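Working notes for the structure below.
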Amino acid sequence: MQRLYKASGDEFLEFHKREIGISQPRNFIRRISASEVTVKRLDLYGNLNGHEGCVNTIEFNATGDVLVSGSDDRRVILWDWATRKSKLSYQAT
């Protein structure tokens, strides 16, 4: 499989630039989305136990201290990811 874009080695800097608004979204996607180097650099910080189904989406809030997850169990959970504790959980309708 031929890669269209080479990883620059500064993928996490690219994430930072995107989050503070100095990187164009399209450019970010081209540089990062298929970066095998970035994926290999990721590590498991910890497990967040609370969903009974497959987790389909996650998102951090603007300050990065709360993680929101949504799952096949139709539950939305707000997490304090640093302590790995659920802050709020509710059933989506």
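Read the figures in this text as sums done on the coordinates, not as results from a lab. Treat the numbers as computed from the prediction; the structure is a model and nothing was measured. Reconstructed Cβ throughout: ideal geometry from the backbone, glycine too, with neighbour counts over all protein chains shown.
Summary table
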| item | result |
| --- | --- |
| ARG74 versus GLU52: modelled label distance in nm, points set 7 Å from Cα along the beta carbon direction | 1.1 nm |
| Spin-label model distance (nm) - PHE60 vs ALA82, 7 Å beyond Cα toward Cβ | 1.2 nm |
| Full-stretch length increase - TYR90, LEU42 - with 0.36 nm per residue and alpha-carbon distance subtracted | 14.4 nm |
| Environment charge of ASP80, counting only residues whose C-beta is closer than 10 Å and scoring Lys/Arg +1, Asp/Glu -1 | +2 |
| Note, ³J(HN,Hα) from phi for the range 80-93, Karplus 6.51, -1.76, 1.60, rounded to Hz, x at Gly and Pro | 8, 5, 5, 9, 6, 10, 6, 8, 7, 9, 8, 7, 6, 9 |
| Amide H contacts of LYS87 (H built 1.01 Å from N, under 5 Å, at least 5 apart or other chain) | LEU78, TRP79, ASP80 |
